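The values are calculated or read from the model by the stated rules, or taken from the named source; none is laboratory data. Given the structure is predicted, the values throughout are model-derived calculations rather than measurements. Don't worry about glycine lacking a Cβ; one is built from the backbone with ideal geometry, like all the others, and counts go over all protein chains shown. Each accessible area value is taken on the protein alone, full model and side chains, heavy atoms only, with ligands, DNA and RNA left out. Shrake-Rupley method; radii C 1.70, N 1.55, O 1.52, S 1.80 Å.
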Amino acid sequence: MQTPTLFALLLLLILVAYGTGFSRAIAAARSGGGVRSLASLPSYYGVHTALWCGLPALIILACWLIFDDAIIRALVMGGIADKPESIAGQNLLYAQIQNLTAGNLVGNATPQLQDAAAHLANLRESGRWMQTALILILSIGLGAYAFLRISPEMRAREKVEKVLRIILLACACAAIFTTVGILLSVLFESLRFFQSVPVTEFLFGLHWSPQMALRADQVGSSGAFGAVPLFTGTLLVSAIAMFVAVPVGLMSAIYLAEYAGKKVRSVAKPLLEILAGVPTVVYGFFAALTVAPFIRDLAQSMGLQASSESALAAGLVMGVMIIPFVSSLSDDVINAVPQSLRDGALGLGSTKSETVRKVVIPAALPGIVGGVLLAVSRAIGETMIVVMAAGLAANLTANPLESVTTVTVQIVTLLVGDQEFDSPKTLAAFALGLMLFISTLILNFIALHVVKKYREQYD
Amino acid sequence: MTSMTLNAGAAVPAQDKPNSATDLSNKPATESTSVKTQEDIAETVGSPFCDEAKLRMRNVNVFYGESQAIHDVSLDIGRNQVVAMIGPSGCGKSTFLRCLNRMNDTIEGCRVEGDLTLDGEAIYGPKVDVVPLRARVGMVFQKPNPFPKSIYDNVAYGPKIHGIASRRAELDEIVENSLRRAGLWNEVKDRLDKPGTGLSGGQQQRLCIARAIAVSPEVILMDEPCSALDPIATARIEELIHELRENYTIAIVTHSMQQAARVSQRTAYFHLGKLVEVNDTETVFTNPEHDLTEAYITGRFG
């Protein structure tokens, strides 16, 4: 039986198990004096039976699917007498055998290879049968076991809740393990990069030019991997974005939460949130085609030098993009400040603005800081607008009228190239990713610290 | 004075229309008392007026949108007097209290009619600025609502925004004085920089009272200030009210009739948005004039 069919059958079995467990519990209750005589509600008996029926079988099925190929491969390769020494050679051989089995190998195959292919097909066929048999026996057997154990004394709810708790724990672990996994994969690739480029050069180098010579006699492309211009570029663009987004977002939040009438609010808030729904590519067009030329012309009319792709254009548009984050989150937080605090301040004779400035905003500050930091991480991670509006030149500059580039943009350009995967050029992307990861981690850490400090003060 | 009372009475039939609009919201209460007693509240009995009135309210009507919460209430609150307002939940006593420093302005759709004066100046006059008004008429709320600031800053907040004290030393003095008068100084003097929200419920409420008296108001409005407190904290606050009476005029809303009897000189009984009876506290609790008052204080309803 094919795996999807088996899976569907298993789901059906689980449903059946729930139904039978439920009705057996009802029957047991009827003979014993009503549902109250059961240790748990009938549905818990149903879920208990379903869990026994489905969970072990599903776990075994998942393990099977994971280890299936490796075991079959080991068996097939074990049966071949003179296999190549190198791993690459073995991979090639196994791929040939697989292709032969699938019937799409062109050319002549040796008898030995054909034997192996037959062996593989055989193993796969019997594996599938074993899988079906094992899963069905496990599912029906354990389901029947749980079904037979149903009695008014059995504490089904406690057992079900225990299993649910383990499932919840597993889900929580999944998120953590994913993070660790991503970190490790980035870390190892970065270590490979740091074997060819020293860490100090990467961290403190002031020149970024990741073009590597493809041939030994190529000129002018020695490659320079100083990440400082990228990080200053990121900082510059993000700082400009935050200069736009934080005041505008915060003030619009204050207006919406404290001053706006119901009607204005019901129109303005959704409109503002539409801004968050605009794809960043569209913001990129806007930045590159409208804002950047406008800034260049404006700067030139004032006698300043400005390139047509500038950090200012990207930062401004990114700031506009982030406004809804800041305003929407702050608005929610400000609304959550209890009315009693406002009443207290107004009752002392504060004006509306004193109430907002001295009571409401301080009370809402932890949430506002949280919203702003979310916006900062969004700004640092933003790629599309910067690609389109700020350019690709890694200039080390603090002049917002010049073109700059950011970490994320460079990661994209490094990985879309056609260089081989283990050249320092592509590996540099991982090192940049690691740096970005570490800096956002530090940022989050600081943010949590700040929020906690204010919480202590304001709670 | 007598003509005032008559006016107040005469105005009631004219209120028929808005009255019927409130019927829906007041239905449960209406059912518990007969229609006859409902009509009996045609005019306030007792003595709603006094000679040396700090606050003077005449024919006050309050509407929340379409529904009327206060029906034609007239009442005086004398200088350095404690007036208790009692009555069943939803009878409008808190609404009435909030009219006195225009806190109802913050509620959307709330409309106040009638003449309300503080020392003869109209509270709802077109040129009145609510900010100095609220500085003169302070308020303590039902739930303690200290600001999320330090104890010191909580008390110093009012004086700062009103520019009462500019120098630190003056401010320190006001803070200490207010906390002393609120009976909280000894408990908090060593931790003035700790958050006010970290105090116990009773301490928080006394902090709120200290905060209110720090701006030296002339009148203090208290909206069930002890409803969330234990008997010990309540006793301290009642003691405080006794002390405050020497300098302030106090209007207090309370659900506890013992409290009203203990702290006030005059008691006003509200029922379904109408002022039923106002008398000396002793009279109200020993010999009420109105049947409804008697029914309420003897615990027959409400």
> For the protein assembly as shown, what proportion of DSSP beta bridges, expressed in % and rounded to the nearest 5, is antiparallel?
Replying inline: 60 percent
>> If you roll a 1.4 angstrom probe over the protein chains with everything in place, what fraction of the accessible area of chain B belongs to carbon and sulfur, to the nearest %?
In response: 48 percent
> What's the average, rounded to a whole number, of partner chain beta-carbon atoms within 10 Å of each residue's beta-carbon in A:8-20?
Replying inline: 0
>> Over chain B, what is the relative contact order in percent, taking alpha-carbon pairs closer than 8 angstrom and at least six residues apart?
In response: 25 percent
>> Given an 8 Å cut-off on Cα distances and at least 6 residues of separation, report the relative contact order of segment A:3-154 as a percent.
In response: 39 percent
>> So with the 1.4 Å probe, I'd like the accessible area per residue for segment A:3-154, rounded to whole Å².
In response: 58 Å²
>> Under a crude label model (7 Å from the Cα following the beta-carbon direction), how far is B:GLU52 from B:ALA228 in nanometres?
In response: 3.6 nm
> Using a ≥ b ≥ c from the Cα gyration tensor of the protein assembly as shown (square roots of the eigenvalues), is it rounded, prolate or oblate, where a/c under 1.5 gives rounded and otherwise the larger of a/b and b/c decides, a/b for prolate?
Replying inline: oblate
>> Suppose a student asked you for the relative contact order of chain A, using Cα pairs under 8 Å spaced at least 6 residues apart; what percent would you report?
In response: 16 percent
> Among the DSSP beta bridges whose two residues both lie in chain B, what percent are antiparallel, rounded to the nearest 5?
Replying inline: 55 percent
>> Counting only protein heavy atoms and a 1.4 Å probe, tell me what percentage of segment A:290-402's accessible area is made up of carbon and sulfur.
In response: 64 percent
>> Using a Förster radius of 45 Å, what is the FRET efficiency between A:GLN195 and A:ASP332 based on their Cβ-Cβ separation? Nearest 0.05, please.
In response: 0.40
> Accessible area per residue, 1.4 Å probe, Å², for segment A:269-410: what's the number?
Replying inline: 38 Å²
> Can you pull out the trypsin sites (Lys or Arg not before Pro) in segment B:242-301 that DSSP calls coil and that have at most 16 other Cβ atoms within 10 Å?
Replying inline: B:ARG300
> Hey, got the average number of other protein chain Cβ atoms within 10 angstrom for residues in B:147-153?
Replying inline: 5
> In peptide B:198-207, what is the residue-averaged number of other protein chain Cβ atoms found within 10 Å of each Cβ?
Replying inline: 0
> Which residue, chosen from A:VAL359, A:VAL246, A:LEU10, occupies the Cα position most advanced towards the positive end of the dipole of the protein assembly as shown, where the dipole is computed from +1 (Lys, Arg) and -1 (Asp, Glu) charges on Cβ about the Cα centre?
Replying inline: A:LEU10
>> Counting protein heavy atoms only and a 1.4 angstrom probe, how many square angstrom of accessible surface do chains A and B bury in total, to the nearest 100?
In response: 1900 Å²
> Is there a pair in A:LYS358/B:LYS194; A:LYS263/A:LYS358; A:LYS453/B:LYS194; A:LYS453/B:LYS149; A:LYS452/B:LYS143 whose C-alpha atoms are over 19 Å apart, and which pairs would that be?
Replying inline: A:LYS263/A:LYS358; A:LYS452/B:LYS143
> About its Cα centre, how strong a charge dipole does chain A have in debye, to the nearest 20, once Lys and Arg get +1 and Asp and Glu get -1 at the Cβ?
Replying inline: 1940 debye
> How much of the accessible area of segment A:40-142, in percent, comes from carbon and sulfur atoms when a 1.4 Å probe is used?
Replying inline: 67 percent
> Given the rule -39500 (n - 2.57) for each run of at least 4 DSSP H residues, summed and divided by the residues of the protein assembly as shown, what is its mean residue ellipticity at 222 nm, to the nearest 500 deg cm²/dmol?
Replying inline: -20000 deg cm²/dmol
> Name the residues of segment A:326-355 whose accessible area, probed at 1.4 Å, falls by at least 20 Å² once all protein chains are in place instead of their chain on its own?
Replying inline: A:SER340, A:LEU341, A:ASP343, A:GLY344, A:LEU346, A:GLY347, A:LEU348, A:GLY349, A:SER350, A:THR351, A:GLU354
>> Ordering B:CYS99, A:CYS63, A:CYS171 by accessible area with a probe of 1.4 Å, largest first, what comes out?
In response: A:CYS171, A:CYS63, B:CYS99
> Per residue, how many Å² of accessible area does segment B:148-215 show with a 1.4 Å probe?
Replying inline: 40 Å²
